[in-house]
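Asks: The structure under discussion is supplied below as structure tokens; questions concerning it will follow.
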Amino acid sequence: ITRLLKPLRLLLLGAPGSGKGTQTSMLLKQIPQLSSLSSGDILRQEIKSESTLGRKAATYIAQGKLLPDDLITQLITFRLSKMGWLKPPATWLLDGFPRTTAQASTLDGILKQHNTDLNLVVELDVPESAILERIENRYVHVPSGRVYNLQYNPPKVPGLDDITGEPLTKRLDDTVEVFKKRLEEFKKANEPLKVYYKKSGLLCTVSGESSDIIFPKLLNLITSKFGQ
Ligand code: ATP
Ligand code: MG
């Protein structure tokens, strides 16, 4: 268990399948003060509940395209405020938002209005060869966002979530074809986003082939900056 001495407001960046969700779960276990929000998880819950937003989002997600900036920004900032994350000194982690410079500067503006800010951005740098294989073996528990990998991190009972026993599903965008498109979209948006966060001095990179290699590096980075 790690206790942070200063509030952490972290953004995780990384290619699809780079393990943002896995690192998030590992961090939540290790740092009890931390809470997380994943844009992809929220969208998958909206799709599952067949909301108007979910239906709209599904058409983009199924094609591996990004949602329009205003749509996703409204959704996420509403959640941020509902969860009390706009009130400093909250400690939190974002996965999947912002992912364009437009989203990043809107978020910065909103945080600034509330006298708070992002204070760390970490890119998970995983070789492309490793990620496609992960995508093909990936199953998710939509209500919680928990991620399983049939090879590296299988559920205790095949097809069922470890905690709730509810069924796992395959993401509709985890196919070879859609994955290619997602990777392309990621690369296009990620370069300018990295430049944006480099300019504000927030960007760090953690590299590795597997989540078990990345996690200790990530935790080290966080504790070296935020205490204990
Ligand atoms: P991973 O495989 O690590 O989960 P990913 O980034 O491909 O990576 P999600 O973050 O779950 O997957 O996002 C899935 C889809 O949801 C995206 O392809 C996109 O259509 C949509 N989406 C999620 N976040 C955003 C965002 N910030 N802006 C636009 N679209 C988004
Ligand atoms: Mg994810």
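We did not get these values from a lab; they are worked out from the coordinates using the rules stated. The structure displayed is predicted, hence computed values, not measured ones. All Cβ positions, even for glycine, are placed from backbone atoms using ideal geometry, and neighbour counts span all protein chains on display.
Asks: Past the 27 angstrom mark, what percentage of all C-alpha to C-alpha distances in segment 100-228 do you count?
Replies: On the way: 2958 of 8256 pairs.
Distances greater than 27 Å cover 36 percent of the Cα pairs.
Asks: If I model a spin label at GLN45 and LYS217 as a point 7 Å from the Cα along the Cα→Cβ vector, what separation in nanometres do I get?
Replies: Output for this residue pair reads 3.1 nm.
Asks: Expressed in nm to one decimal, what extension gain is obtained for the pair THR52 and GLU184 from 0.36 nm per residue of sequence separation less their Cα-Cα distance?
Replies: Going from the current span to full extension adds 44.8 nm.
Asks: Show that you can apply the helix-only estimate: for the chain, add -39,500 (n - 2.57) for every DSSP H stretch of four or more residues, divide by all residues, and state [θ] at 222 nm to the nearest 500.
Replies: Details: 8 runs with 107 residues, N = 228.
Rounded to the nearest 500, the figure is -15000 deg cm²/dmol.
Asks: Additional query: For segment 54-153, what's the relative contact order in percent, using C-alpha pairs closer than 8 Å and at least 6 residues apart? Can you show the working numbers first?
Replies: On the way: 50 pairs, mean separation 16.0, N = 100.
Taking the mean separation of contacting Cα pairs over the length of segment 54-153, I get 16 percent.
Asks: How much length would be gained if the chain were fully extended between GLU133 and THR59, taking 0.36 nm per residue of separation minus their Cα-Cα distance, in nm to one decimal?
Replies: 24.2 nm
Asks: Non-local amide H neighbours of GLU123 (under 5 Å, H modeled in plane, Pro and chain starts lacking H): which ones?
Replies: Hits under the 5 Å cutoff: LEU13, CYS204, THR205, VAL206.
Asks: Quick check on segment 1-73: what are the equivalent-ellipsoid semi-axes from the Cα gyration tensor, as sqrt(5λ), descending, whole Å?
Replies: Those come to 28, 13, 12 Å.
Asks: Let me ask something else. Give me the net charge of GLN63's neighbourhood, meaning all other residues with Cβ under 11 Å from the Cβ of GLN63; Lys, Arg count +1, Asp, Glu -1.
Replies: 0
Asks: Sticking with this one: Taking the simple approach of a point 7 Å from Cα along Cα-to-Cβ for both SER35 and LYS156, what is their distance in nm?
Replies: 2.7
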